[in-house]
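Beneath this line is the structure, given in structure tokens, with notes to follow.
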Amino acid sequence: MRETASELDELQALLDASLSRSTAHLQSIFTARTIDAVQLTRILTGMCTLALSTVTAKGEPRISGVDGHFLHGRWHFGTARTAAKARHLAARPAASAAHMRGEDLGVFTHGTVEILNPEDGAPAADWPELLAYFKDCYGADAFDWEREVVYYRLHPHWMTVYAPDVAKLLPE
């Protein structure tokens, strides 16, 4: 768990607000089957496969898989700078992501992405820390980190969690 107390408070406020403004149908499914921010950050460790949805120039949805990392209460993910999703996100930064583990966990997020390591601009202030984390995960020589890979942070405006049995998910 890498979150500060402030980040946990912010994440909890987001989870609470998102569920409270969801439809009655979603609330009927999730309300008794959700978890809090601390539990979520204990569960979402390491790489978590995300289904990432972007939008084409024609407004058509596209979905693909990415390696997601839940750090500081936000999803972080990367892709090749030449990937279609990178072009979509550069032009239209709205995105949705879902992480599911069978029927035991569903984390659903809508928001806007921030490019962490732009090719021709200043990186995010925390990029050195994040880059060290990613190099540790994938290996320092896995990519040309400056030219090949673009990383994003998804700033959520809505996030809900479905977890009917948290005991199955929490690490021992």
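None of the figures in this text is laboratory data; all of them are computed from the coordinates on show. Remember, predicted model here, so these are calculated numbers, not experimental data. Note that we place each Cβ from the backbone using ideal geometry, even for glycine, and neighbour counts take in every protein chain shown.
Overview of results
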| read-out | value |
| --- | --- |
| Kyte-Doolittle mean at least 1.6, axial Cα span of 18 Å or more - DSSP H helices of the chain | none |
| Restricting region 113-172 to trypsin sites (Lys or Arg not before Pro) in coil, as DSSP defines it, with at most 12 other Cβ within 10 Å | R147 |
| Radius of gyration, Dmax [region 27-119; alpha carbons; angstrom] | 14.2, 45 |
| Charge dipole magnitude, Cβ of K and R +1, D and E -1 - the chain, Cα centre, debye nearest 20 | 660 |
| Cleavage-rule hits, GluC sites (Glu not before Pro), region 1-104, DSSP coil, Cβ neighbours within 10 Å at most 13 | E103 |
| DSSP beta bridges in region 1-158 [antiparallel fraction, %, rounded to 5] | 100 |
| Relative contact order of region 32-172, defined on C-alpha pairs under 8 angstrom at six or more residues apart (%) | 30 |
| Reach of K135 by Cα under 29 Å, taken over lysines that are not fewer than 8 positions away in the same chain | K85 |
| Ellipsoid equivalent to region 66-123 - semi-axes via the Cα gyration tensor, in Å | 23, 13, 11 |
| Rg to Rh, two decimals, where the chain supplies the alpha carbon set and Rh follows Kirkwood | 0.96 |
| Whether region 7-77 is rounded, prolate or oblate, judged on the alpha carbon gyration tensor where a/c under 1.5 counts as rounded | oblate |
| Whether region 128-172 is rounded, prolate or oblate, judged on the alpha carbon gyration tensor where a/c under 1.5 counts as rounded | oblate |
| Choice from T109, T82, T160 showing the highest fluctuation, given a GNM over the chain with Cα pairs closer than 10 Å | T82 |
| Highest-fluctuation residue, P156, P123, P93 considered, GNM on the chain with Cα pairs under 10 Å | P123 |
